[in-house]
Structures are given as C-alpha cells and as structure tokens.
Amino acid sequence: MIRRPPRSTLFPYTTLFRSINFITCHDGFTLQDLVSYNEKHNQTNGEENKDGTGENLSWNCGVEGPADDAEVLKLRRRQKRNFLAALILSQGVPMLLAGDEFGRTQRGNNNAYCQDNEISWVNWDIGQPEQELLEFTKYLIKTTYRHPALRRRKFFHGRKIRGSKVKDLIWLKPDGGEMTDNDWSMPWAHCLGLRIAGDEIDEVDERGNKVVDDTLLLLLNAYDKTVSFILPGSAVKAQWRLILDTQVADGRSGELLLKAGIEPYRLAARSLVLLCLRKAGGKIC
C-alpha cells in the first residue's frame with residue numbers, strides 16, 4: 001500500500017513541490033557570526049586556522065567580533081532580523097540552524113566539528129536581546145501561518161493567471177513601476193518591492209476549496225540610506241497596512257495605514273517591511 005506523505009499545516013507538501021532555503025547551516029558561520037565577523041577564527045581547532053571556508057559572504061557591521069558600540073549592535077540586530085525575514089517569508093521550506101532564532105554564536109568559528117564545548121553547544125539560558133530575536137522569529141512564523149500567499153504549493157508564474165487582469169507576482173521599482181529585465185542590473189536594484197496577489201493564487205486546499213489571501217507587498221532596502229517607495233495601486237480608498245518591520249525589535253509595527261499610489265513609504269536603510277492591502281470597506285488584514 002502506498003501511503004501519502006504527511007502534510008504540514010504550515011508548510012504543506014514540502015518535500016515534493018518546494019525548494020529548501022537557508023541562510024546558515026551546520027557548516028559555516030551561525031547567523032550571529034554572519035553579522036559579527038568578516039573572517040573565520042578557527043585557531044582553537046588546532047589547524048592554524050587553515051580549516052573551514054574563507055568565503056563566508058559575511059559582514060561584521062564595522063567591528064570584528066564582540067562589540068560594545070551601540071550603533072554596531074543595533075545594526076547587527078536589524079541585520080539578523082532581515083536575514084530571518086528574507087528566509088521565512090520566501091517561497092519554499094525554510095531551514096533554520098538551531099540557535100539562530102535567538103542569535104547563538106560560535107565566536108567566529110565556522111568549522112566547529114571538533115569543539116565539544118561552549119563553542120558548539122546551544123545555550124538555552126538567553127538574555128534580553130536573544131529573547132527579543134526569538135519573539136521576532138515567532139512573529140515571523142505566525143505571519144506566514146496567517147497568509148497562505150506566503151506558503152504556496154506551486155512556484156509563481158509572474159504572469160496573469162487564467163485570464164485574470166492581475167499577475168500573481170510583480171517586482172516593483174521605488175517609483176512604483178514594474179521592473180523590467182534591464183532594471184535588475186541597475187545600481188538602484190538594491191531597493192525593490194514584491195507584490196503578491198493573494199486573490200490570484202492558482203491553488204486549492206485539501207478540501208478542494210480555492211485558496212484566497214490578502215494582497216501583500218514586501219519591500220527590501222539594502223542601501224545605507226532611506227528610500228522613498230511609492231506604494232502600488234490606484235483604487236479609491238485602498239490602503240496598505242504595515243504588518244512587519246525589521247526596524248522594530250519584535251517586528252510588530254503597530255497600526256500604520258498608507259494610501260495606495262499616493263503616499264510614499266519611507267523605507268529605512270537596511271530594512272525589510274511587509275504590508276497588506278486593505279481595500280475600501282475591506283477587513284483589516
């Protein structure tokens with residue numbers, strides 16, 4: 001007898017139809033070290049720091065290793081939230097390294113296979129900054145659970161679905177216009193938006209009912225300066241509600257509504273936000 005693979009409420013059909021996404025894994029830096037070290041520090045492994053990869057694609061935010069500068073620490077915390085948000089909000093299965101949800105460090109060691117001590121252990125006795133990151137991670141997962149558009153079973157098409165007037169996914173420029181193929185090579189492509197049409201999900205649930213969600217807008221700014229982003233849409237009284245902001249420690253942005261196509265959103269440097277479209281007379285998403 002052939003049995004159907006078990007389903008996950010949060011990430012259905014994960015092994016059959018979706019990619020596996022990750023920022024960090026057991027080989028390489030932890031998330032905390034990814035934003036704290038430019039170089040590997042494997043001296044205690046006994047191989048003269050020659051083991052482990054030197055290509056970590058990391059950035060220490062201005063100070064190598066532990067820091068006491070308030071601005072450096074603030075930036076590192078935001079960068080960790082950016083990485084976690086990019087991972088968990090992406091289409092596919094998020095693979096999270098144990099301890100990254102609260103910022104575990106291996107003190108710059110990116111090859112800790114031989115370290116059966118505090119370097120490789122997971123210490124669950126965490127402080128306030130670590131607890132804040134954990135709460136942020138939980139809010140991210142809760143947000144994904146609430147919005148099926150963020151956990152689709154199929155890949156996006158980037159085109160109109162079955163005669164619809166709206167594409168299931170649109171990449172946007174800061175001026176609110178749709179990106180072209182040439183735009184991806186432009187310098188300003190460090191800041192972009194992603195509009196996901198929740199009412200154009202070409203899927204049904206396990207009971208055969210059409211899957212419908214809110215229309216979502218994800219904005220990302222990798223610049224070191226604030227960017228004004230024109231929010232798409234022209235419907236009368238349509239508003240975008242901010243539901244996630246990596247500037248905030250727990251991600252909860254509070255009640256902020258902006259008019260579609262009129263009010264630019266001041267997207268902070270090195271930040272990511274998620275907004276939900278609230279149409280005239282519609283529910284608060």
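The values are calculated or read from the model by the stated rules, or taken from the named source; none is laboratory data. Keep in mind the model is a prediction, meaning the values are calculated, not measured. A quick note on method: Cβ atoms are made from the backbone with ideal geometry, for glycine too, and the neighbour counts reach across all protein chains shown.
Which of the residues belonging to the range 42-57 are part of a loop (DSSP other than H, G, I, E, B) and over 24 Å from the mean Cα position of the chain (by Cα)?
Answer for the range 42-57, where residues must be part of a loop (DSSP other than H, G, I, E, B) and over 24 Å from the mean Cα position of the chain (by Cα): N42, G46, E47, E48, N49, K50, D51, G52, T53, G54.
Yes or no: the range 58-79 includes at least one residue that is outside any helix (DSSP H, G or I), charged (D, E, K, R) and at positive phi. Steps first, answer last, please.
Start the filter on the range 58-79 by keeping residues that are outside any helix (DSSP H, G or I), which leaves 58-69.
Right, trim to charged (D, E, K, R) and you get 64, 68-69.
In the following step, the residues that additionally are at positive phi were identified as none.
There is no residue in the range 58-79 that is outside any helix (DSSP H, G or I), charged (D, E, K, R) and at positive phi.
Going through the range 80-98 one residue at a time, which ones are touching a Ser or Thr at 6+ places or on another chain (Cβ under 6 Å) and part of a loop (DSSP other than H, G, I, E, B)?
Selection gives G92, L97.
Any residue that is at pLDDT below 90, among the hydrophobic types (A, V, I, L, M, F, W, C) and not assigned by TED's automatic domain parsing to the domain that holds V35 - is there at least one of those in the range 158-168? Give the derivation first.
Going residue by residue through the range 158-168, those that are at pLDDT below 90 are 158-168.
Next, only the ones that are among the hydrophobic types (A, V, I, L, M, F, W, C) stay: 161, 166.
Right, trim to not assigned by TED's automatic domain parsing to the domain that holds V35 and you get 161, 166.
Yes, the range 158-168 has at least one match.
Scan the range 96-111 residue by residue and report those that are touching a Phe, Trp or Tyr at 6+ places or on another chain (Cβ under 8 Å) and farther than 16 Å from N56 by Cα.
L96
Among the residues of the range 89-111, which ones are free of Cβ contacts under 8 Å to residues at least 60 places away in the same chain and crowded, with 18+ Cβ neighbours inside 10 Å?
E101, F102
For the range 206-220, check the following and say yes or no: at least one residue is farther than 13 Å from I170 by Cβ, polar (S, T, N, Q) and at pLDDT below 85.
Checked the range 206-220: at least one residue is farther than 13 Å from I170 by Cβ, polar (S, T, N, Q) and at pLDDT below 85.
Quick one: in the range 36-63, which of the residues that are closer than 17 Å to R78 by Cα and either small (G, A, S) or not assigned by TED's automatic domain parsing to the domain that holds D100 (or both) is surrounded by the most Cβ atoms within 10 Å (Cβ to Cβ)?
Within the range 36-63, the first condition is being closer than 17 Å to R78 by Cα, and the residues that meet it are 36-37, 58-63.
Filter once more, so that each one left must be either small (G, A, S) or not assigned by TED's automatic domain parsing to the domain that holds D100 (or both): 36, 58, 62.
Details: S36: 27, S58: 19, G62: 12.
It comes out as S36.
Name the residues in the range 57-95 that are in contact with a helix residue (DSSP H, G or I) (Cβ under 7 Å, 6 or more places away or on another chain) and not charged (D, E, K, R), would you?
Narrowing the range 57-95 to residues in contact with a helix residue (DSSP H, G or I) (Cβ under 7 Å, 6 or more places away or on another chain): 58, 61-63, 67, 77, 80-81, 83-85, 88-89, 93-94.
Once the filter is applied, which keeps residues that are in contact with a helix residue (DSSP H, G or I) (Cβ under 7 Å, 6 or more places away or on another chain) and not charged (D, E, K, R), the range 57-95 yields S58, C61, G62, V63, A67, F83, L84, A85, I88, L89, V93, P94.
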